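Every read-out reported here was derived from the displayed coordinates using simple, explicitly stated rules and does not represent laboratory data. Computed from a predicted structure; not experimentally measured. Counting neighbours? That spans all protein chains shown, and the Cβs are built from the backbone with ideal geometry, glycine included.
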Amino acid sequence: MKNSAFNIGDRVVVPPYGIGVIGETCVRPVGGEQLQYYSIEFPHTSSRAFVPVDAPASSGMRAALTEDEMPTLLHHLQEGEVVLPRQWAARHRRVTEILVSGDPYELATLTCELRRWNIRRGLPDLDRQAFRRAIKLLEQEVRGLDDVSAVHVRDLLDHAWNETPQ
């Protein structure tokens with residue numbers, strides 16, 4: 001994932017909001033100073049976020065995945081393993097950490113693990129909600145990418161949600 005300077009029109013991820021597009025840069029008064037911000041617009045909503053140009057990582061903002069990164073994402077989605085605690089409270093904390101991080105590879109690994117759990121025995125309500133959230137975040141990440149790996153990722157995500165326990 002690239003982390004260089006961002007430009008107007010770039011697709012970016014702002015956890016936990018998801019995928020947005022840099023619409024412009026603007027100056028806003030903060031604590032008596034005039035600071036420059038990226039104005040992030042989120043498609044299909046009226047939501048907007050302002051992220052400091054000098055410190056985009058402070059908000060967790062990162063460049064959205066590109067087609068070049070789809071094979072790695074697909075690998076994590078198919079083969080990823082994460083040890084999730086059996087105790088509900090500890091598992092919920094770990095899953096929430098992954099969801100909030102917005103890291104696409106961790107999300108793909110979590111999705112792979114929860115998919116395995118779902119196939120084996122079904123998921124309790126909160127795990128099912130986390131599974132759905134991880135899938136939604138990954139779907140946003142690959143939306144608009146048309147290479148073969150991105151299509152495989154979308155197909156796998158569509159199929160994963162509709163699998164039933166054995």
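Per-structure values
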| item | result |
| --- | --- |
| Degrees between helix 70-79 axis and first principal axis of the chain (Cα, 0 to 90, nearest 10) | 30 degrees |
| Compactness index (Cα Rg / 2.2 N^0.38 Å), segment 14-60 | 1.15 |
| Ala89-Leu35 pseudo-label distance in nm [points 7 Å out on the Cα-to-Cβ vector] | 3.6 nm |
| Karplus (6.51, -1.76, 1.60) ³J(HN,Hα), θ = phi - 60°, over segment 18-31, in Hz, Gly and Pro reported as x | x, 7, x, 10, 6, x, 5, 10, 8, 10, 10, x, 9, x |
| Pairwise label distance in nanometres, Asp10 with His44, each label 7 Å out on the Cα-Cβ vector | 2.5 nm |
| From phi via Karplus (6.51, -1.76, 1.60), per-residue ³J(HN,Hα) for segment 115-121 in Hz, x at Gly/Pro | 4, 4, 4, 4, 5, 5, 8 |
| Asp68-Ser101 FRET efficiency (beta carbon distance; Förster radius 22 Å; 0.05 resolution) | 0.55 |
